[in-house]
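The following block contains the structure, expressed as structure tokens.
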Amino acid sequence: MAVDVLTVNGAPAPAAGTVLDACLSAGADVPHFCHSDRVSSGGHCRSCLVEVDGRHVAACTTPARAGSTVRTDTARIRAYRRDLGELLAVEATPGGVVGATLAGWGVTGERYGRAPGGPPTDTSHPYLRLDLDACIGCRLCERACDGIQGQFVYAFTGRGATTRLSWGDTSFAESPCVACGACAAVCPTGAVSDRDRDRAATTDELRTVRTTCGYCGAGCQLDVHVGPSAGADGDRVLRIDGTADAVVNHGHLCVKGRYSHAFARHPDRLTTPLLRKDGVLVPVSWDEAIAYVAAELVRLRGKVGGLSSSRCTNEENYLLQKWMRAGLGTNNVDCCARVCHGPTAAGMRRVLGTGAATNSLDDIERADHLLVAGSNSTEAHPVTGARLKQRVLSGAATLVVIDPRRTELAALADVHLQLRPGTNVPLLHSFAHALVKLGHVDHAFVAARTEGFADYVAFLDGYAPEATEAVTGVPAAKVWHAARLYGTAARPLQTHGLGMTEHYQGSESVMLLCNLALLVGAIGREGVGVNPLRGQNNVQGAADMGCQPDLLTGYGNPHDPAVKARFEGVWGRPLPTDAGLTLPRMYEAARAGTLKALFILGEDVVQTDPARHLDGVIDALELLVVQELFLTETAKRAHVVLPGASFLEKDGTFTNGERRVQRVRKALEPPIGSEGAGARADWEVLCALMAATGYPQAFRSPADILDEVARVNPAFTGVHHDRLDGDGLQWPVPTPDHPGTPRLHDTSFPLPATGGRARFAEVPYLPSPSLLHLREEEYPLRLVTGRVLEHYNCGSMTRRSPNVELAPVDALELHPADAARFGVADGAAVVVTSPWGEARPVARVTDRVAEGTAFLSFHFPETGTNELMSPVLDRIADCPEYKVTPVRVRSA
Ligand code: SF4
């Protein structure tokens, strides 16, 4: 016998991992109630008892040794299992796998009787159900909660027969559970169960479709289980699991990806086109709507703009900008990156040459230091956030967080740099200053790969942490400490979010983050890099596809003759020559009367863009077309509303925040509704509109569209639907058989002007003009806005799911001292006033925010969060300044 083999019931098996692994690979039927591939084994339930070389051991915790003889089905083991089953049945009535297995063993529960008084069932949570009577104490739920999500909701209390699963003394809905569902996914008895799963069990499952989550830029892979529906709209989603072998999420999901799918069959879905007649939106046929929109766009040609959507696929984003440019002759095309990560792309392109994540999410597990800047990752990108959290909890990485709020990650950090909103630039300069003064500079990297170092070091002289602390509010000692951690790490990895970008100096803040990575040589290798966490699911793809006025698909420069010729050859039309307008500039043009028509694909700008930007805009438009799932605040004001399809209802691709292009697969048909017109996949609608405006397309499927993208974008040459099964491909994919690029800038930067060297950015600190309003007697607080875990952007999808039970309102986080100062009680309705408007949330008194800072989400239109926003834009990328607004607060 070879030395790396053992035998299981006489059959050879590899002696790798545990005895349970060997047994399962040999096909032996060994029960393993408390084992999951996703968490470490605890050997709690003893169901996997086997005989190894004559000794009886728990297979899940015993290492497999070469040459061992394993037996799994002896008379003694069978007797032991029956006894174990009878003992389990004293305290529990397990269902699920365990219940079925015990029944198969002939366990009746009569041998030892039944403990009196079954423990309670908790049904307080909209997604999870706790039936303690079914619990056998295997602790899988606890290990999944701790080891996957890092939430530590569960504990076991009591001793012996009184041992009970516990989550504290509240209802489960009030526990710290974040509804990731990892516990229910592993529970073998139904004690912790997924209410979707319970419902699904009563319905015939028709099929399972693997697709990509449509909520955030993590790009988690979903297994969507579909079954029949009693309604007119065909099938429905029964439940969703995380795809176990997906590299992005390894089976894990968050409350949005796993549970928030009710929107797809919600009665509010738009199912027929609407056309405004006599001031009222009325249902019309698709033919009438398409003809009307086309005629109006042709009439208004030269005064048209288009806004694309990160909720739509790459193929749809590509079509929209192609239509605007080659069909309607304008570069007036933009996407929602303008209001989130546009500054990331602009800043990173200037310093590093590419405006996208340098590394892969997998590098989180290779890093030994994490710098999280302006990102509430565990709420905004929960699965990525859980990975960051686990890396820190395991002790494998130190953590520095730059954030005005004490987010979940900030509370775990070695150093929390809790700066005043609006002071990212001086803080990052002081961080760089400390790195240089502490000698944490990779001089070999700097000499070989960068330029401008000497000037940069001289520039940093004025930004000692002691000099900036009065502005930033961050004690100098903390900056020195943070720089020491970042500078001494072997593999320091950065992530950043909108807390860096949505500022007057957002692009410049991103440039300074790049500077930090350059100083320590943390680019172009594993476990490091500058990695923006993309907020919306396909915001990376929308920008990649060319939905911005100055850059074509693949960031092609329209002024480069070779690029121009390539596009004109494929598109069969000349490229437009106008400069093109960003979205805020389109609003200005509408007010000025030079832009008359706006086509909006899947964005609710009336709720999410700063309200003052939109003043007078919609009334000035002669044509506003909105393609949407619901009658959003923007759709309510449109001239034409076209019912679109959700990510569950169409084919295509999304690109996640690590440049990974992944398949989106149709799980459901778009809803038909009672009028019978039916919603349609957005790419089909765009093709119809292109044809009706005189630019017919030959595409028969999203795969055809992506094939054309591969012809115009050299980074997508090898990206085709038939290559994207499994984990997709990370661009650039420069040849048909290229495996994709997990890491950028290994040897040089795509910056021809500097010979491939990155250039340190020197950026003077320029306080935002909006901060001039910050006066104790008038507007004493700095307001930050952002998302909460349960909701997605304008909330049109998540508010139409039970997520709304978990987070029913927008809450203003206010420090206890500020709440006392303004006479505001926790939970009270309040009025928030800025120089630009008023919002009406409820107050949440918490020390998550520092004194002088407040936080407000923007998911409910009735709150009016965007009424507060200043008209200030990022100096380079025109991104609105969502992250600092002077406000005052009073009780309503
Ligand atoms: Fe979807 Fe993002 Fe949640 Fe993953 S982390 S399930 S991509 S919302």
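Filter the range 751-805 for residues that are of a type in the set (Gly, Ala, Ser) and within 16 Å of the ligand (Cβ to nearest atom); which is nearest to Leu270 (Cα to Cα)?
It comes out as Ser796.
Residue check: is Asp241 under 30 Å from His341 (Cα atoms) and surrounded by fewer than 22 Cβ atoms within 10 Å (Cβ to Cβ)?
Spelling it out, Asp241 is indeed under 30 Å from His341 (Cα atoms) and surrounded by fewer than 22 Cβ atoms within 10 Å (Cβ to Cβ).
Would you check which residues across the range 372-409 are small (Gly, Ala, Ser) and either within 16 Å of the ligand (Cβ to nearest atom) or closer than 23 Å to Ser507 by Cα (or both) and list them?
Ala373, Gly374, Ser375, Ser377, Ala380, Gly385, Ala386, listed by residue number.
I've got another one for you. What pairs come up if the first residue lies in the range 382-395 and is assigned to a helix (DSSP H, G or I), the second is among the charged types (D, E, K, R), and their beta carbons are under 8 Å apart, counting only those six or more places apart or on different chains?
Pairs that qualify, where the first residue is assigned to a helix (DSSP H, G or I) and the partner is among the charged types (D, E, K, R), are Pro382/Lys256; Gly385/Glu379; Gly385/Glu408; Arg387/Glu365; Lys389/Glu408; Arg391/Glu365.
Now for a separate question. Kindly establish whether Arg207 is more than 16 Å from the ligand (Cβ to nearest atom), out of contact with any Ser or Thr (no Cβ under 6 Å at 6 or more places or on another chain), at pLDDT below 95 and of a type in the set (Lys, Arg).
Yes.
Right, next: Quick check, is Asp268 over 28 Å from Val709 (Cβ atoms), surrounded by fewer than 17 Cβ atoms within 10 Å (Cβ to Cβ) and out of contact with any helix residue (DSSP H, G or I) (no Cβ under 9 Å at 6 or more places or on another chain)?
When the stated conditions are applied, Asp268 does not pass them.
Which one of these does Arg164 not meet: (1) over 30 Å from Glu649 (Cα atoms); (2) within 16 Å of the ligand (Cβ to nearest atom); (3) among the charged types (D, E, K, R)?
Just one mismatch for Arg164, condition (2).
Out of the residues in the range 464-502 that are part of a helix (DSSP H, G or I), farther than 22 Å from Ala345 by Cβ and small (Gly, Ala, Ser), which is nearest to the chain's Cα centre (by Cα)?
The selected residue is Ala482.
Name the residue that is nearest to Leu370 (Cα to Cα), counting only residues in the range 490-515 that are aliphatic (A, V, I, L, M) and crowded, with 22+ Cβ neighbours inside 10 Å. Working first, answer last.
Residues of the range 490-515 aliphatic (A, V, I, L, M): 490, 493, 498, 500, 510-513.
Pick out the ones that are also crowded, with 22+ Cβ neighbours inside 10 Å and you get 493, 498, 500, 510-513.
Values: Leu493: 5, Leu498: 17, Met500: 16, Val510: 16, Met511: 18, Leu512: 16, Leu513: 13 Å.
Once the filter is applied, the top-ranked residue is Leu493.
Quick one: in the range 158-184, of everything that is under 15 Å from Leu789 (Cβ atoms) and not hydroxyl-bearing (Ser, Thr, Tyr), which residue is nearest to the chain's Cα centre (by Cα)?
Cys180
For the range 462-490, name all the residues that are acidic (Asp, Glu) and either under 17 Å from Asp403 (Cβ atoms) or at pLDDT below 95 (or both). First the steps, then the outcome.
Taking the range 462-490 as the starting set, the residues that turn out to be acidic (Asp, Glu) are 466, 469.
Matches in the range 462-490: Glu469 only.
Next question. Restricting attention to the range 866-884, report how many residues are polar (S, T, N, Q) and more than 25 Å from the chain's Cα centre (by Cα).
Of the residues in the range 866-884, 1 are polar (S, T, N, Q) and more than 25 Å from the chain's Cα centre (by Cα).
Looking at this structure, is Val153 of a type outside the set (Asp, Glu), within 14 Å of the ligand (Cβ to nearest atom) and either in contact with a Gly (Cβ under 9 Å, 6 or more places away or on another chain) or assigned to a loop (DSSP other than H, G, I, E, B) (or both)?
Considered against the rule, which asks whether it is of a type outside the set (Asp, Glu), within 14 Å of the ligand (Cβ to nearest atom) and either in contact with a Gly (Cβ under 9 Å, 6 or more places away or on another chain) or assigned to a loop (DSSP other than H, G, I, E, B) (or both), Val153 comes out as no.
When you scan the range 592-697 for helices (runs of 4 or more DSSP H) that lie fully inside it, which ones turn up with 3 or more residues that are out of contact with any Asp or Glu (no Cβ under 6 Å at 6 or more places or on another chain) and at pLDDT 95 or above?
Per the criteria, 617-620, 682-692.
Something else now. Restricting the range 616-668 to residues that are within 19 Å of Arg311 (Cα to Cα) and among the acidic types (Asp, Glu), which is surrounded by the fewest Cβ atoms within 10 Å (Cβ to Cβ)?
It comes out as Glu633.
Another question about this same structure. Which residue pairs have Cβ atoms under 6 Å apart, sit 6 or more places apart or on different chains, and have a first residue in the range 458-475 that is closer than 16 Å to Phe760 by Cα and a second that is of a type in the set (D, E, K, R) and outside any helix (DSSP H, G or I)?
Partner pairs satisfying both residue conditions: Phe459/Glu762.
What number goes with the only condition from (1) under 30 Å from Leu516 (Cβ atoms); (2) crowded, with 21+ Cβ neighbours inside 10 Å that Thr754 does not pass?
(2)
What pairs can you find where one residue is in the range 181-208 and under 24 Å from Arg139 (Cα atoms), the other is aromatic (Phe, Trp, Tyr) and in a loop (DSSP other than H, G, I, E, B), and their Cβ atoms are less than 6 Å apart, with a gap of 6+ or different chains?
Close Cβ pairs (under 6 Å, with a partner that is aromatic (Phe, Trp, Tyr) and in a loop (DSSP other than H, G, I, E, B)) amount to Pro188/Phe33; Arg195/Tyr127.
Shifting gears a bit: May I ask you to verify whether Ala825 is part of a loop (DSSP other than H, G, I, E, B), out of contact with any Lys or Arg (no Cβ under 9 Å at 6 or more places or on another chain) and of a type in the set (A, V, I, L, M)?
Taking the combined requirement at face value, the residue satisfies it.
Which of the residues that make up the range 685-710 are of a type in the set (D, E, K, R), under 30 Å from Arg207 (Cα atoms) and surrounded by 19 or more Cβ atoms within 10 Å (Cβ to Cβ)?
Quick first cut of the range 685-710, residues of a type in the set (D, E, K, R) only: 700, 704, 707-708.
Then drop every residue that is not under 30 Å from Arg207 (Cα atoms), which leaves 700, 704, 707.
Within the range 685-710, none qualify.
While we're looking at this one, here's another question. Having 1 or more residues that are of a type outside the set (D, E, K, R), at pLDDT 95 or above and within 16 Å of the ligand (Cβ to nearest atom) is the bar; report the strands (runs of 3 or more DSSP E) wholly within the range 236-303 that clear it.
In the range 236-303, 236-242 are the strands (runs of 3 or more DSSP E) which contain 1 or more residues that are of a type outside the set (D, E, K, R), at pLDDT 95 or above and within 16 Å of the ligand (Cβ to nearest atom).
With Cys180, Cys138 as the choices, which residue is surrounded by 15 or more Cβ atoms within 10 Å (Cβ to Cβ), part of a loop (DSSP other than H, G, I, E, B) and within 16 Å of the ligand (Cβ to nearest atom)?
Unique residue meeting the criteria: Cys180.
Which count do you get for residues in the range 418-428 that are assigned to a helix (DSSP H, G or I) and more than 12 Å from Glu466 (Cα to Cα)? Reasoning before the result, please.
Here is the first cut: in the range 418-428, the ones assigned to a helix (DSSP H, G or I) are 424-428.
This time we only want the ones that are more than 12 Å from Glu466 (Cα to Cα), so: 424-425, 428.
So the count comes out to 3.
To continue, here is another question. Please work out which residue is farthest from Leu668 (Cα to Cα), limiting yourself to the range 215-235 and to residues that are more than 10 Å from the ligand (Cβ to nearest atom), in a strand (DSSP E or B) and of a type outside the set (A, V, I, L, M).
So the residue we want is Asp223.
Spot the failing condition for Val50; the list is (1) within 21 Å of Arg139 (Cβ to Cβ); (2) within 40 Å of the chain's Cα centre (by Cα); (3) in contact (Cβ under 8 Å) with a residue 12 or more places away in the chain, and only one is missed.
Exception for Val50: condition (2).
Which condition breaks for His56 when tested against (1) of a type outside the set (Gly, Ala, Ser); (2) surrounded by fewer than 17 Cβ atoms within 10 Å (Cβ to Cβ); (3) part of a loop (DSSP other than H, G, I, E, B)?
(3) is the only condition that His56 fails.
Which condition from (1) within 16 Å of the ligand (Cβ to nearest atom); (2) surrounded by 24 or more Cβ atoms within 10 Å (Cβ to Cβ); (3) part of a loop (DSSP other than H, G, I, E, B); (4) not aromatic (Phe, Trp, Tyr) is the one that Ser309 breaks?
It fails just one condition, (1).
Just give me the residues in the range 814-831 being aliphatic (A, V, I, L, M), touching a residue at least 24 places away in the same chain (Cβ under 8 Å) and more than 21 Å from Asp609 (Cα to Cα), in sequence order. Spell out how you get there, then give the answer.
Within the range 814-831, the subset aliphatic (A, V, I, L, M) is 814, 817, 819-820, 824-825, 828-831.
Checking which are touching a residue at least 24 places away in the same chain (Cβ under 8 Å) leaves us with 814, 817, 819, 824-825, 828-831.
If the condition is that a residue be aliphatic (A, V, I, L, M), touching a residue at least 24 places away in the same chain (Cβ under 8 Å) and more than 21 Å from Asp609 (Cα to Cα), then Leu814, Ala817, Ala819, Val824, Ala825, Ala828, Ala829, Val830 are the ones that fit.
Could you please find all residues in the range 16-33 being of a type in the set (A, V, I, L, M, F, W, C) and either modelled with pLDDT under 90 or under 39 Å from the mean Cα position of the chain (by Cα) (or both)?
Ala16, Val19, Leu20, Ala22, Cys23, Leu24, Val30, Phe33
The values are calculated or read from the model by the stated rules, or taken from the named source; none is laboratory data. Computed from a prediction, not measured in an experiment: that's the story for all the values here. Methodologically, a virtual Cβ is constructed for each residue, glycine included, from the backbone with ideal geometry; neighbour enumeration extends over all protein chains shown.
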